[in-house]
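The values are calculated or read from the model by the stated rules, or taken from the named source; none is laboratory data. As the structure is a prediction and not an experimental result, all values here were calculated from the model. Ideal geometry is used to build each Cβ from the backbone, glycine not excepted, and the neighbour counts take in all protein chains shown. For accessibility, only protein heavy atoms count, side chains too; no ligands or nucleic acids. Shrake-Rupley method; radii C 1.70, N 1.55, O 1.52, S 1.80 Å.
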Amino acid sequence: MAIIAPSLLSADFLNLQKDCTMLNESHADWFHLDVMDGSFVPNISFGFPVIEQVRKATTKTCDVHLMIVEPGKYAEAFKKAGADILTVHYEVCPHLHRNLQQIKDLGMKAGVALNPHTPVSVLGDVLHDIDLVLIMSVNPGFGGQQFIPHTIDKIRALKHMIKDKGLHTLIEIDGGVTLSNAPAILHAGADVLVAGNTVFSSEDPTATIAALKRM
Ligand code: DX5
Ligand code: ZN
């Protein structure tokens, strides 16, 4: 069964507690928290104070997706804020192995995110050190964008690499996930579905999460 990770980016920030309670009572597995710095991506979202409050509001896994340059500078602060999984972008990590080691030494699971133009093959020599690969299925920075179809081929290729090496690395898909494309994404080999707009813009977010979970 897929892991469902609703993205708080599309939540109601004036009523965050209400949305956290909704997620707590739903079939959501993880809380997906998108941190943007206005430098790596053309948008700024939220940082430590918001994550600290969300951490207090849930016992579910806090899955923090860093869309920031120099993530190593802040890894410890994200651990303190409450991150369980910390995902950094391949494109900003010239010393990726060191970043992964640091995240794991701090007691978090280590994730690596790939932009749509970054091939999964770049992870070949470091895959055994990664707990989770996040494949961006839109260009990072905004919720509510259209799923890029080529992502399906990337999921398949990555699944092959993981199986070939006898690993259990999770594949997370982030961006443009809907009730219509989720079956194909899972069929290709994804383990975790991030969904922002699909969940929070739906009439009944709890039912939408349940529908994603049933796929
Ligand atoms: C985009 C973020 C996503 C975003 C997904 O840069 O990484 O997590 O919230 O939003 P939807 O599901 O609306 O595409
Ligand atoms: Zn994300």
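Okay, here's what the table says:
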{"quantity": "Of the trypsin sites (Lys or Arg not before Pro) in region 80-174, those whose Cβ has at most 12 other Cβ within 10 Å and which sit in DSSP loop", "calculated": "Lys165"}
{"quantity": "Dipole magnitude of the chain, debye to nearest 20 (Cβ charges: Lys/Arg +1, Asp/Glu -1, about Cα centre)", "calculated": "320"}
{"quantity": "Per-residue [θ]222 nm for the chain (sum of -39500 (n - 2.57) over DSSP H runs n ≥ 4, rounded to 500)", "calculated": "-9500 deg cm²/dmol"}
{"quantity": "For the chain, built as a Gaussian network whose Cα springs stay under 10 Å, the top-fluctuating residue of Leu106, Leu66, Leu193", "calculated": "Leu106"}
{"quantity": "Percentage relative contact order, region 157-215, counting C-alpha pairs under 8 Å, at least six apart", "calculated": "33"}
{"quantity": "Accessible area per residue, Å², the chain with all protein chains present, probe 1.4 Å", "calculated": "45"}
{"quantity": "Stretch gain in nm, segment Arg156-Thr206, where the contour uses 0.36 nm per residue and the Cα spacing is subtracted", "calculated": "15.1 nm"}
{"quantity": "The chain, relative contact order [Cα under 8 Å, separation at least 6], %", "calculated": "23"}
{"quantity": "Table column - 3J(HN,Hα) (Hz), region 132-145, Karplus curve with 6.51, -1.76, 1.60, x for Gly and Pro", "calculated": "8, 10, 9, 8, 6, 9, 9, 6, x, x, 9, x, x, 9"}
{"quantity": "Mean projection area, nm², convex hull over Cα of region 3-214", "calculated": "10.5"}
{"quantity": "Rh (Kirkwood; distinct C-alpha pairs) - region 141-215, Å", "calculated": "13.0"}
{"quantity": "Fraction of accessible area attributable to carbon and sulfur, the chain (%, probe 1.4 Å)", "calculated": "52"}
{"quantity": "Relative contact order of region 1-84, defined on C-alpha pairs under 8 angstrom at six or more residues apart (%)", "calculated": "31"}
{"quantity": "Heavy-atom accessible area ranking, 1.4 Å probe, most first, across Lys213, Lys79", "calculated": "Lys79, Lys213"}
{"quantity": "Candidates Asn139, Asn197, Asn181, ranked by Gaussian network fluctuation over the chain, Cα under 10 Å, top entry", "calculated": "Asn181"}
{"quantity": "Partner lysines for Lys163 [C-alpha distance under 27 Å; skip if fewer than 8 residues away on the same chain]", "calculated": "Lys104, Lys109, Lys154, Lys213"}
